[in-house]
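Structure record follows, encoded as structure tokens.
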Amino acid sequence: MLFRSIKLGLTNISHLCAALGNPERSFTSVHVAGTNGKGSVTAMIHAALVSEGVRAARYTSPHLVDLAERFVIGFDPVDAATLETVASEVLTCADRLLREGVLSVHPTFFEATTATAFELFRREHVEVGVIEVGLGGRFDATNVLAPPVGAITSIGFDHQQYLGDTLEAIAFEKAGIIKAGMAVVTGALPTPAMNTIRRVAKERGAQLVEAAEGVRVESVMNGGRAVVTFETPVDRYGPVELRLRGEHQVHNALVAVRALEALRGEGWLVSKEAIEEGLSAAEWPARLELMILPDGKRVLLDAAHNVEGARALAAYLRAWHPERPVLVVGVMHDKDVDGIVAELLPVTSSVIATEADTPRAMPAQELARHVEEGRRAVHAEADPLVAVDEALVRGDTVCVAGSIFLAGAVRDALKRRAILR
């Protein structure tokens, strides 16, 4: 089957799920949208549910190395044989629908993986599925769900070609996950975006929970990780050290806590202890992931792929890496390349531009010209692994950033050489 590229809309996924017997209705879902932070929030909610003993799963995208990373049940990715069996049956079903004229075009890759996730979770008797939105919300394939709880973590500029050029327009697309009667938790959003979310929630009869409202937050940083205490209208959590690095994870953790509290209101009795354990256990690869090599050199891997993500990475580097690491950077051509570079150059030293093995990647030489416009000397090396090796010759600390695809291209090789910290 040939997959189409991105095409937003719910027609294909709705027909596909119906033909499969609507597997998305077989489990309680928590739906997580947002420009940045949605993966971290998904991981924290999922980890807390597993800690409670709930048979919980998560579906995220994209994957770094292996497709199975997208489908996690308990704390383990689905095994390859099961994934192959279910994916094959989903694609066979799609082929039949095409022959019968129910589908007019092939499903996209994301539509196929989304249907596969739902069917996997049904067959594995998942009780709660934490589902990350792929792109936007309103027309994202995951939006066939009817969840009792959702979250919108943040809203910023990304994917404007699909979601619009204003914060209000982007917020409206993210607000597409809001359904009547659900509880939707929001992070700290820009005022124009927040006003849009409030309006949509009111129109659709949803309960809006602004995560920070009525909450006392205390946090101190310990070696790049936040030790947090939250006192919400419902309970008090902490102090607990977040496993995920960066001060911005305090915001994500609070969204996760409030979403779990909302899930309690739906009858899922997730204890305070399980929530704390989830915050301290949640892992999210290539998000400020530090690898220590046998010779003591360090590689910090971060999938910052838009300006907001680059800004969070820059804040972390400014606070915890005053030595200014060597930067290995690779960016997709449809991103705000100059904005990403502008955030990262002041907190790094020498720069090596590279490219992931995908048609969407900006060629290393072209990216190098953008860096040079920021008045920084730069070397272009198309092979990401060679780029990292060159960077390790230049300095004791290397930061690899700019793209999830770049992180995936180097992470597996680095893991074989490193001790994760």
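Restricting attention to the range 26-47, which residues are under 14 Å from residue 145 (Cβ atoms) and either charged (D, E, K, R) or out of contact with any strand residue (DSSP E or B) (no Cβ under 6 Å at 6 or more places or on another chain) (or both)? Walk me through how you get there before you give the answer.
Applying the first criterion (under 14 Å from residue 145 (Cβ atoms)) to the range 26-47 yields 26-33, 42.
Once the filter is applied, which keeps residues that are under 14 Å from residue 145 (Cβ atoms) and either charged (D, E, K, R) or out of contact with any strand residue (DSSP E or B) (no Cβ under 6 Å at 6 or more places or on another chain) (or both), the range 26-47 yields only 26.
The rows are residues; the columns are (1) in a helix (DSSP H, G or I); (2) open to solvent by 40 Å² or more (accessible area, probe 1.4 Å).
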| position | (1), (2) |
| --- | --- |
| 304 | no, no |
| 310 | yes, no |
| 313 | yes, no |
| 319 | yes, yes |
| 324 | no, yes |
| 327 | no, no |
| 339 | yes, no |
| 343 | yes, yes |
| 346 | yes, yes |
Consider only pairs whose beta carbons are under 6 Å apart and that are at least six residues apart or on different chains; among these, list those whose first residue lies in the range 216-235 and is β-branched (Val, Ile, Thr) and whose second residue is in a strand (DSSP E or B) and at pLDDT below 95. 228/238; 229/238
Keeping to the range 66-109, report how many residues are free of Cβ contacts under 8 Å to residues at least 12 places away in the same chain and in contact with a helix residue (DSSP H, G or I) (Cβ under 7 Å, 6 or more places away or on another chain). 1
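Picking from 135, 208, which residue would you name as being in contact (Cβ under 8 Å) with a residue 12 or more places away in the chain and part of a strand (DSSP E or B)? Working first, answer last.
Details: 135 fails: part of a strand (DSSP E or B).
It is 208.
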Has the range 237-246 got at least one residue that is over 22 Å from residue 380 (Cα atoms), in a strand (DSSP E or B), aromatic (Phe, Trp, Tyr) and more than 23 Å from the chain's Cα centre (by Cα)? yes
Can you tell me how many residues in the range 370-390 are out of contact with any helix residue (DSSP H, G or I) (no Cβ under 8 Å at 6 or more places or on another chain) and closer than 20 Å to residue 342 by Cα? 3
Out of (1) in contact with a strand residue (DSSP E or B) (Cβ under 6 Å, 6 or more places away or on another chain); (2) open to solvent by 20 Å² or more (accessible area, probe 1.4 Å); (3) closer than 18 Å to residue 36 by Cβ; (4) of a type in the set (A, V, I, L, M), the one residue 292 does not meet is (3)
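Give the residue that is modelled with the highest pLDDT, with candidates limited to residues of the range 155-169 that are surrounded by fewer than 24 Cβ atoms within 10 Å (Cβ to Cβ) and assigned to a loop (DSSP other than H, G, I, E, B).
As a first pass, look at the range 155-169 and keep what is surrounded by fewer than 24 Cβ atoms within 10 Å (Cβ to Cβ): 156-169.
Cutting the leftovers down to assigned to a loop (DSSP other than H, G, I, E, B) gives us 156-159, 164-166.
Values: 156: 81, 157: 73, 158: 65, 159: 60, 164: 73, 165: 74, 166: 90.
Restricting to residues being surrounded by fewer than 24 Cβ atoms within 10 Å (Cβ to Cβ) and assigned to a loop (DSSP other than H, G, I, E, B), the top hit is 166.
What residue, of 351, 331, is closer than 15 Å to residue 303 by Cβ and open to solvent by less than 10 Å² (accessible area, probe 1.4 Å)?
On the way: 351 fails: closer than 15 Å to residue 303 by Cβ.
Residue meeting the stated conditions: 331.
Out of the range 378-410, which residues are farther than 20 Å from residue 359 by Cα, assigned to a helix (DSSP H, G or I), open to solvent by less than 40 Å² (accessible area, probe 1.4 Å) and out of contact with any Cys (no Cβ under 9 Å at 6 or more places or on another chain)? If you could, list the steps in order and put the result at the bottom.
So in the range 378-410, the residues farther than 20 Å from residue 359 by Cα come out as 378-379, 388-399.
Filter again for assigned to a helix (DSSP H, G or I), leaving 388-394.
When the remaining residues are screened for being open to solvent by less than 40 Å² (accessible area, probe 1.4 Å), the result is 388, 391-392.
Passing the criteria: 388, 392.
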If residue 97 passes every condition in (1) of a type in the set (A, V, I, L, M); (2) in a loop (DSSP other than H, G, I, E, B); (3) surrounded by fewer than 24 Cβ atoms within 10 Å (Cβ to Cβ) but one, which one does it miss? (2)
The listed residue being open to solvent by less than 30 Å² (accessible area, probe 1.4 Å) and farther than 28 Å from residue 305 by Cα, out of 56, 80: 56
As an exercise: evaluate residue 337 against (1) farther than 16 Å from residue 306 by Cα; (2) among the β-branched types (Val, Ile, Thr); (3) modelled with pLDDT of 90 or more and give the number of the one condition it does not meet. (1)
Scanning the range 27-58 for residues that are under 10 Å from the mean Cα position of the chain (by Cα) and of a type outside the set (Val, Ile, Thr) gives 33, 34, 36, 37, 38, 39, 40, 43
For the range 277-330, which positions are under 23 Å from the mean Cα position of the chain (by Cα) and closer than 17 Å to residue 416 by Cβ? 285, 286, 289, 290, 291, 299, 301
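Restricting to the range 170-205, what's the tally of residues that are in a helix (DSSP H, G or I), of a type in the set (A, V, I, L, M) and under 19 Å from residue 141 (Cα atoms)? I'd like the intermediate steps shown before the answer.
If we filter the range 170-205 for residues that are in a helix (DSSP H, G or I), which is where we start, we get 170-177, 191-204.
Right, trim to of a type in the set (A, V, I, L, M) and you get 170-171, 175, 177, 193-194, 197, 200-201.
Retained after the next criterion (residues that are under 19 Å from residue 141 (Cα atoms)): 170-171, 175, 177.
Matching residues across the range 170-205 total 4.
The values are calculated or read from the model by the stated rules, or taken from the named source; none is laboratory data. The structure presented is a predicted model; accordingly, all values stated were derived computationally and were not measured. Heads up, the Cβs are rebuilt from the backbone with ideal geometry, glycines too, and the neighbour counts pull from every protein chain shown. Calculation scope for accessible area: heavy atoms of the full protein, side chains included, ligands and nucleic acids excluded. Shrake-Rupley method; radii C 1.70, N 1.55, O 1.52, S 1.80 Å.
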